[in-house]
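The values are calculated or read from the model by the stated rules, or taken from the named source; none is laboratory data. Being a predicted model, the structure only gives us computed values, none of them experimental. Every residue, glycine among them, receives a Cβ derived from its backbone with ideal geometry; neighbour counts consider all protein chains shown.
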């Protein structure tokens, strides 16, 4: 067996080194090639897992005396999330810069973030998990700070402030785990976590929970996300909501599967997640910038994902993973389309963007389909995810746990209003400043294909999740 994870992680590492050594001159080409290669390998890994009991694991020694090594494995959750991340990364590298600005810098930062994403979703040692977590934060900080719009400095430092806090809480929780188990191996900790004294379990749970909720984000640690999206480039927004927020979601899956005390906090977590979704849904109604509308929709969706995680049953947990998959590709599509709409028409304000349907049918229909997918229309991936999550929450918490369904209704109503007031509004249409490029159309097509493929053939992902 060839060293699959060494190759998956080595590809962006080598491409990143080449981009840095050449001063970013080939950054865009290298990022497209690297993300394409990773997407192919992720599809191979997913297909191998689907057709057989294929669960490779690789361990590389690092500081063996302290139990620190670089261990990577293909768990059901990691296979699905790696597949999602690879699709979003390739679409971002190929299509996410319609203005063709600072292509070398953008390509280099995409490679850095790619390294973080493939590392964190396959890491089975908390040392490696923490390192890749911080690499991802650094990549997105510079992507906002260097490639964003006029207020990018303020937004990037606000993002960094929250993420430094999250990293500190993550580090504290990892140190406590090491003190109580004398290991950083996720599998070993999970198997022996019941021996951790309850006061330590509570402290570890609280520390890691706060770290992951900040990254997802959930209320009240959500304030960084709308500003970061408003100022980020199209590429930054696609990776921020499409992949980085899933670092926190994946961490929650590990946390709730690792510590037995999570059962004691499940109901409290479900209530907090539901409140976060409702809070974001009503804040969404006040937004006039389409980018901010989509940003708040991410907080809504992450609240529903957290509800699924907190159920601690198969329906809810599988639904949470499926929702991260569906949300990753769907939100990347919406941010890509909005970015290209801004490039084509020079506007993204709901009251000013007019006549998009007559000016660009491709972008308009892609946005409409993206909104349908976000609200869980049948045959889309979100439809499957929502069914699984709410079946799981009904079984775990009863009929009141279905109330967050109304957050989807509120969000959907306003998104449809956005379509009516901007995309479909033909009064005083804006002129086309720049036609969308072929690469942007390919990226949109790829993300649309993923949305419907995961919606029409859910048994593929479900079988992978069952292991």
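Kindly provide the set of residues from the stretch 98-119 that are surrounded by fewer than 24 Cβ atoms within 10 Å (Cβ to Cβ), over 16 Å from residue 14 (Cβ atoms) and in contact (Cβ under 8 Å) with a residue 24 or more places away in the chain, ordered by number.
98, 99, 101, 102, 103, 104, 105
Just one of 82, 41, 70 is part of a strand (DSSP E or B) and in contact with a helix residue (DSSP H, G or I) (Cβ under 6 Å, 6 or more places away or on another chain); which is it?
70
If residue 467 passes every condition in (1) more than 16 Å from residue 90 (Cβ to Cβ); (2) touching a helix residue (DSSP H, G or I) at 6+ places or on another chain (Cβ under 9 Å); (3) free of Cβ contacts under 8 Å to residues at least 24 places away in the same chain but one, which one does it miss?
Among (1) more than 16 Å from residue 90 (Cβ to Cβ); (2) touching a helix residue (DSSP H, G or I) at 6+ places or on another chain (Cβ under 9 Å); (3) free of Cβ contacts under 8 Å to residues at least 24 places away in the same chain, residue 467 violates only (3).
Being at pLDDT below 95 and either within 23 Å of the chain's Cα centre (by Cα) or under 23 Å from residue 126 (Cα atoms) (or both) is the requirement here; does residue 95 meet it?
Yes.
Suppose the filter is in a helix (DSSP H, G or I), at pLDDT below 95 and within 17 Å of residue 247 (Cα to Cα); does residue 165 pass it?
So residue 165 does not fit the description; no.
Residues that are over 12 Å from residue 260 (Cα atoms) and surrounded by 15 or more Cβ atoms within 10 Å (Cβ to Cβ): does the stretch 187-195 have at least one?
Yes, the stretch 187-195 contains at least one residue that is over 12 Å from residue 260 (Cα atoms) and surrounded by 15 or more Cβ atoms within 10 Å (Cβ to Cβ).
Inspect all residues belonging to the stretch 101-118 and state whether any of them is in a loop (DSSP other than H, G, I, E, B), farther than 19 Å from residue 146 by Cα and touching a helix residue (DSSP H, G or I) at 6+ places or on another chain (Cβ under 9 Å).
No, the stretch 101-118 has no match at all.
Which residues, taken from the stretch 2-38, are part of a loop (DSSP other than H, G, I, E, B) and out of contact with any strand residue (DSSP E or B) (no Cβ under 9 Å at 6 or more places or on another chain)?
Within the stretch 2-38, 2, 22, 23, 24, 25, 26 meet the criteria.
Determine the pairs where a residue that is on the phi > 0 side of the Ramachandran plot and at pLDDT 95 or above, located within the stretch 130-141, has a partner that is in a helix (DSSP H, G or I) and surrounded by 24 or more Cβ atoms within 10 Å (Cβ to Cβ) with Cβ atoms under 8 Å apart, the partner being 6 or more residues away or on another chain.
Taking only residues 6 or more apart or on different chains, not a single pair turns up.
Quick one: residue 59 ticks every box in (1) in contact (Cβ under 8 Å) with a residue 24 or more places away in the chain; (2) farther than 19 Å from residue 19 by Cβ bar one, so which box is it?
(1)
Against the definition (on the phi > 0 side of the Ramachandran plot and loosely packed, with under 15 Cβ neighbours inside 10 Å), how does residue 467 come out, yes or no?
When the stated conditions are applied, residue 467 passes them.
Restricting to the stretch 402-413, give me the number of residues that are surrounded by fewer than 21 Cβ atoms within 10 Å (Cβ to Cβ) and part of a helix (DSSP H, G or I).
7
Looking at 345, 315 in this structure, which one is farther than 26 Å from residue 222 by Cα, in contact with a helix residue (DSSP H, G or I) (Cβ under 9 Å, 6 or more places away or on another chain), in contact (Cβ under 8 Å) with a residue 60 or more places away in the chain and surrounded by 23 or more Cβ atoms within 10 Å (Cβ to Cβ)?
From the options 345, 315, the qualifying one is 345.
Looking at the stretch 414-431, which of the residues that are in contact (Cβ under 8 Å) with a residue 40 or more places away in the chain and in a helix (DSSP H, G or I) is farthest from residue 334 (Cα to Cα)?
Per the stated criteria, the residue is 421.
Is it fair to say residue 74 is out of contact with any strand residue (DSSP E or B) (no Cβ under 7 Å at 6 or more places or on another chain) and within 21 Å of residue 141 (Cα to Cα)?
No.
What's the total number of residues in the stretch 212-267 that are more than 14 Å from the chain's Cα centre (by Cα) and assigned to a loop (DSSP other than H, G, I, E, B)?
Selection size over the stretch 212-267: 8.
State whether one or more residues within the stretch 55-69 are within 25 Å of residue 449 (Cα to Cα), more than 18 Å from the chain's Cα centre (by Cα) and at pLDDT below 95.
So far as the stretch 55-69 goes, no, none of its residues is within 25 Å of residue 449 (Cα to Cα), more than 18 Å from the chain's Cα centre (by Cα) and at pLDDT below 95.
Considering (1) farther than 25 Å from residue 28 by Cβ; (2) in a loop (DSSP other than H, G, I, E, B); (3) touching a helix residue (DSSP H, G or I) at 6+ places or on another chain (Cβ under 9 Å), say which one residue 434 fails and leave the rest.
With (1) farther than 25 Å from residue 28 by Cβ; (2) in a loop (DSSP other than H, G, I, E, B); (3) touching a helix residue (DSSP H, G or I) at 6+ places or on another chain (Cβ under 9 Å) applied to residue 434, the lone miss is (1).
Here are some residues: 332, 366, 270, 295. Which one is in a helix (DSSP H, G or I), in contact (Cβ under 8 Å) with a residue 60 or more places away in the chain and within 26 Å of residue 399 (Cα to Cα)?
Criteria check complete, one pass: 270.
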